[in-house]
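Below: one structure, written as structure tokens.
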Amino acid sequence: MPVHESPLARLERHARNRALEVAVTEPCGRTWSSLTWNELYRRVIDGAAGMIEAGVAPGSVVVLRVPTGIRQLELELATRVAGAV
């Protein structure tokens, strides 16, 4: 892994090399919900695009008000991809 690899580059690498492997899971009632690396990558890219379209720019401060879980992870990564904190 290169020393200065961005979070997006790492996510892309995992999505490419481990596309159908489970990336993250969370309890959902009596079962479990999960995303593959490919699904997580797609959701992060879509989330970042939505943030940028809404006016989020590099250096912007974003507050996430979602329960702990997969959605929080997606949005935290999307925030970084959009260049915000």
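Values computed for the structure shown
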| quantity | calculated |
| --- | --- |
| Listed residues Arg18, Arg30, Arg71, most fluctuating in the chain (Gaussian network, C-alpha, under 10 Å) | Arg30 |
| Relative contact order (%) - criterion: Cα under 8 Å, at least six apart; region: the chain | 29 percent |
| Against the rule of thumb 2.2 N^0.38 Å, how large the Cα Rg of the stretch 39-85 comes out | 1.02 |
| Average accessible area per residue (Å²) across the chain - probe 1.4 Å, nucleic acids and ligands excluded | 69 Å² |
| Taking all pairs of distinct alpha-carbon atoms in the chain, Kirkwood radius in angstrom | 13.5 Å |
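The values are calculated or read from the model by the stated rules, or taken from the named source; none is laboratory data. On a predicted model such as this, the values are computed, not experimentally measured, just so you know. Calculation scope for accessible area: heavy atoms of the full protein, side chains included, ligands and nucleic acids excluded. Shrake-Rupley method; radii C 1.70, N 1.55, O 1.52, S 1.80 Å.
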